[in-house]
Amino acid sequence: MRASISAPFVDTKADDLVWTLSHPLVAPLATRAVTVSGREVELRVLGASHQVVLRPGPDGGELVETVACLPGSSGGLPGNAEHPLPGVGDYRFDSVVESLSRAELARRVAGVHDVTSDSPGGLLVAFPGDPLAITALHLTSGSGASLRWRTWHAYPQSDELVTTTTTLTP
């Protein structure tokens, strides 16, 4: 699903991003609710990047993953992190920040459009001002009851692409 918005980017480069599992919900620019492996997941694009919300299941346990520009918050974006989350499962987060040529960034953003546009678990927001300024999320089921989502944050002003991958195993 591609959403059109009129709001500008709030974050401007990969160094502005912070990852956290404890930030409250932020008003989204676009959302998509998906049910996978019996769990409701809400994909949320923010003006400052993304949140993924896993609603409580039969065992409880809500998860709010935030990767965004959060003024006043410290922590940055880790290359990887693992946490056992009671009632949710084993959580693993990986991120990669790439500096690309403009042509390679355009090629990669086109690939993100292809992956997310017709997928029932995809959400892509293109920000005004540059066709390469996107935030996208793609939720897939993993093996068994596990969940997996990928996100992409493209910063054409600095020719950076941030890709994150999260795996949640019950």
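The values are calculated or read from the model by the stated rules, or taken from the named source; none is laboratory data. Keep in mind that this is a model prediction, so the values were computed, not measured. When we count neighbours, we look across all protein chains shown, and the Cβ atoms used for this are built from the backbone with ideal geometry, even at glycine. These area figures cover heavy atoms from the full protein model, side chains too; ligands, DNA and RNA do not enter into them. Shrake-Rupley method; radii C 1.70, N 1.55, O 1.52, S 1.80 Å.
Values [x] 1.08; [y] 0.97; [z] 2.23 are given for comparison; Cα Rg over 2.2 N^0.38 Å, derived from the coordinates here, is the one labelled [y].
Of the solvent-accessible surface of the chain, computed with a 1.4 Å probe and all protein chains present, 52% belongs to carbon and sulfur.
Candidates Val109, Leu147, Gly122 compared by Cα position along the dipole of segment 102-152: farthest toward the positive end lies Leu147, with charges placed on Cβ.
Taken about its Cα centre, segment 104-170 carries a charge dipole of about 240 debye when Lys and Arg each add +1 at the Cβ and Asp and Glu each add -1 at the Cβ.
Around the Cα centre of segment 12-72, unit charges on the Cβ atoms of Lys, Arg, Asp and Glu (plus for the first two, minus for the last two) sum to a dipole of about 160 debye.
Where only protein heavy atoms count, and the probe is 1.4 Å, what is the accessible area per residue for the chain in Å²? Value returned for the chain: 45 Å² of accessible area per residue.
Over all other residues within a Cβ to Cβ distance under 12 Å of Arg108, the charged ones net out to -3, with Lys and Arg as +1 and Asp and Glu as -1. Summing Cβ point charges (Lys, Arg +1; Asp, Glu -1) relative to the Cα centre of the chain gives a dipole of roughly 320 debye.
Taking Thr164, Thr20, Thr169 and ordering them by how much accessible surface each has at a 1.4 Å probe, largest first, produces Thr169, Thr20, Thr164.
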